[in-house]
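**Student:** One structure follows; several queries about it will come next.
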Amino acid sequence: MTDYTAAIFDLDGVIADTARLHFAAWIQLASEEGFQLPPNADNRLKGVDRMASLAIVLEGAARRYTTDEQARLADRKNRLYQTLIHQLTPADLLPGAETLLNTLAAWGIPLALASASKNAKAVVEGLGIAGRFHTIADAALVRHPKPDPEIFLMAARGLGVTPARCIGVEDAAAGVTALKRAGMYALGVGDPIVLREADRVVPSLAALDPADYFTAPANRSN
Ligand code: BG6
Ligand code: MG
């Protein structure tokens with residue numbers, strides 16, 4: 001076992017069952033515009049910020065959109081998404097998330113959120129877990145989106161923990177790449193083929209034993 005100090009979580013698709021809501025909002029936008037998403041959009045859109053996601057979505061479009069039109073499309077997608085997340089409750093936590101967060105909190109492990117989403121705060125409030133995180137890296141302040149390590153480094157700084165002492169948890173290939181570039185342990189949740197750069201991949205947080213990475217207070221020597 002390697003003993004880590006802190007855990008940094010991605011939100012959409014790791015803790016919150018929202019990856020499908022982002023995807024549904026993009027599908028609706030594309031269908032309103034009369035085109036379909038490009039192949040494999042489901043995986044490609046995970047972890048990618050709003051404007052970069054729009055660029056992927058527009059690969060399926062039959063015409064070019066101006067910069068102004070693109071800004072309006074991104075706003076429309078966001079409004080569709082916000083309608084969907086408005087209805088989030090603790091029942092939308094992904095399997096194992098609540099138990100894991102409770103255990104890590106009871107063990108005194110500092111926890112951070114590093115989400116590319118500008119809606120992250122609204123989502124964790126809807127899920128009833130906002131108080132679990134010592135720091136939330138603010139997507140609005142990040143200049144370089146995942147796969148750049150910036151957001152994970154910002155979260156580690158917020159916790160006051162060096163990157164090498166952090167475990168990061170991600171469901172997106174872009175997020176796993178960002179974690180490795182940040183010098184953190186990358187724990188993938190999902191498909192081992194998509195997340196092949198990760199140090200380890202589990203099917204869901206329910207499959208995770210926190211004792212693999214952290215020491216329970218009762219077992220600490222000091
Ligand atoms: C990421 C999601 O967490 O946030 C992406 O995985 C999403 O699918 C991105 O595009 C940006 O989210 P938002 O809410 O700022 O549009
Ligand atoms: Mg994600």
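**Student:** Placing +1 on the Cβ of each Lys and Arg and -1 on the Cβ of each Asp and Glu in the chain, which of N219, L153, P38 has its Cα farthest towards the positive end of the resulting dipole?
**Tutor:** Value computed over the given set: L153.
**Student:** Roughly how many debye, to the nearest 20, is the charge dipole of the chain about its Cα centre, given +1 on each Lys and Arg Cβ, -1 on each Asp and Glu Cβ, and no other charges? Can you show the working numbers first?
**Tutor:** Working: 22 positive and 25 negative charges, 86 e Å.
Here the chain has a charge dipole of around 420 debye.
**Student:** Which ³J(HN,Hα) values in Hz, rounded to whole numbers, follow from the phi angles of segment 131-143 under the Karplus curve 6.51 cos²θ - 1.76 cosθ + 1.60, where θ = phi - 60° and Gly and Pro get x?
**Tutor:** x, 6, 9, 6, 8, 10, 5, 7, 4, 5, 9, 7, 8
**Student:** What does the extension gain come out to for L84 and A71, with contour length at 0.36 nm per residue minus their alpha carbon separation?
**Tutor:** Roughly 2.7 nm would be gained on extension.
**Student:** Could I ask something else about it? Any idea what the alpha-carbon Rg over 2.2 N^0.38 Å comes to for the chain? Kindly include the intermediate steps, with their values, before the conclusion.
**Tutor:** Details: Rg = 17.6 Å, N = 222, 2.2 N^0.38 = 17.1 Å.
Expressed relative to 2.2 N^0.38 Å, the Cα Rg reads 1.03.
**Student:** Also, quick follow-up: With a probe of 1.4 Å, find how much accessible area the chain has per residue, and write the answer as a whole number in Å².
**Tutor:** Per-residue accessible area for the chain comes out at 48 Å².
**Student:** Here is a further query. In whole Hz and in residue order, list the ³J(HN,Hα) couplings for segment 199-216 that follow from phi through the Karplus curve 6.51 cos²θ - 1.76 cosθ + 1.60, θ = phi - 60°; x for Gly and Pro.
**Tutor:** 6, 7, 10, 10, x, 7, 4, 5, 8, 9, 9, x, 5, 5, 10, 10, 9, 5
**Student:** Here's something else I'd like to know. What does the charge add up to near F35, with Lys and Arg as +1, Asp and Glu as -1, over the other residues with Cβ less than 11 Å from its Cβ? Working shown, then result.
**Tutor:** Details: positive: R63; negative: E32, E33, E59.
For residues surrounding F35, the net value is -2.
**Student:** Please turn the phi angles of segment 66-77 into ³J(HN,Hα) values with the Karplus equation 6.51 cos²θ - 1.76 cosθ + 1.60 (θ = phi - 60°), one per residue in order, whole Hz, x for glycine and proline.
**Tutor:** Coupling constants for segment 66-77: 6, 4, 5, 4, 5, 4, 5, 5, 5, 5, 5, 4 Hz.
**Student:** Just the number, please: carbon plus sulfur as a percent of the accessible area of the chain, 1.4 Å probe, no ligands or DNA/RNA counted.
**Tutor:** Carbon-and-sulfur percentage of accessible area, whole number: 50.
**Student:** Next question, about the same structure. Rounded to the nearest whole Å³, what is the per residue volume of the convex hull around the Cα atoms of segment 19-85?
**Tutor:** Numbers: hull volume 4.9 nm³, N = 67.
About 73 Å³ per residue, rounded to a whole number.
The values are calculated or read from the model by the stated rules, or taken from the named source; none is laboratory data. If you're wondering where the values come from, they're calculated on a predicted model, not measured in any experiment. With ideal geometry, Cβ positions are generated from the backbone for all residues, glycine too; neighbour counts draw on all protein chains shown. The area values use the complete protein model at the heavy-atom level, side chains included, leaving out ligands, DNA and RNA. Shrake-Rupley method; radii C 1.70, N 1.55, O 1.52, S 1.80 Å.
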